[in-house]
1. If you go through the range 1-25 one residue at a time, how many are over 14 Å from the mean Cα position of the chain (by Cα) and either part of a helix (DSSP H, G or I) or of a type in the set (S, T, N, Q) (or both)?
2. Could you list, ordered by first residue, the pairs with Cβ atoms under 9 Å in which the first is in the range 43-58 and in contact (Cβ under 8 Å) with a residue 12 or more places away in the chain and closer than 20 Å to residue 7 by Cα and the second is of a type in the set (Lys, Arg) and surrounded by 14 or more Cβ atoms within 10 Å (Cβ to Cβ), at least 6 apart or interchain?
3. I want to confirm something. Restricting to the range 14-45 and keeping residues that are over 19 Å from residue 70 (Cβ atoms) and of a type in the set (Ser, Thr, Tyr), which single residue is surrounded by the fewest Cβ atoms within 10 Å (Cβ to Cβ)?
4. Would you pick out the residues in the range 36-72 that are assigned to a loop (DSSP other than H, G, I, E, B) and either more than 14 Å from residue 13 (Cβ to Cβ) or among the hydrophobic types (A, V, I, L, M, F, W, C) (or both)?
5. Name the single residue, out of those in the range 44-60 being among the β-branched types (Val, Ile, Thr) and farther than 19 Å from residue 22 by Cα, that is nearest to the chain's Cα centre (by Cα).
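Every read-out reported here was derived from the displayed coordinates using simple, explicitly stated rules and does not represent laboratory data. A quick note: this is a predicted structure, and the numbers were derived from the prediction, not measured. Cβ coordinates were reconstructed from backbone atoms using ideal geometry, including for glycine residues, and neighbour counts include every protein chain displayed.
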Amino acid sequence: MDLNVYRWKNRLLVVFSPSQDHSDYQSLIKEMQDQRNGLRERDVLVFEILEKGESRFGKTVLKKEAIDFLRQKISAGQEFIPRDPHGQGWRRKDPLAESESHGDFRGY
C-alpha cells in the first residue's frame, strides 16, 4: 500500500475500533454521515480498521497486509491508550513526527 498516491490530493482519516458495534465508532460514523458534504469538499478518505469484522477503505475490504501496514505506519496498537478513565477515544503517548505522516497529520 502506497499512501503517497494520496499526497497533496486527499486528507486521510484512519479510524481504529474494536468493532462496528462499539459506541464510539457508531457515534463517529453518524457524525461523518451528517458531515459527508464537508468531508467530500475536503477530499477526506476514510480507512476503517476494526479488530473484529471487515476493515475497509471506502467500500473496499482491506487485506491483513494493508491493515498491518497502517497499524505500523501510525504506530497503532500498544502505543495507544485511553484518553480518559472511561475509554472515550484514543490518543498516542507521543506525538506523531511530521516525517512519519508526510506532514499532513498534526496531532490527534
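1. Going through the range 1-25 one residue at a time, the tally reaches 4.
2. Note: pairs meeting the criteria are 46/56; 47/56; 48/56.
3. 23
4. Within the range 36-72, 51, 52, 53, 54, 59, 62, 63 qualify.
5. Per the criteria, the residue is 44.
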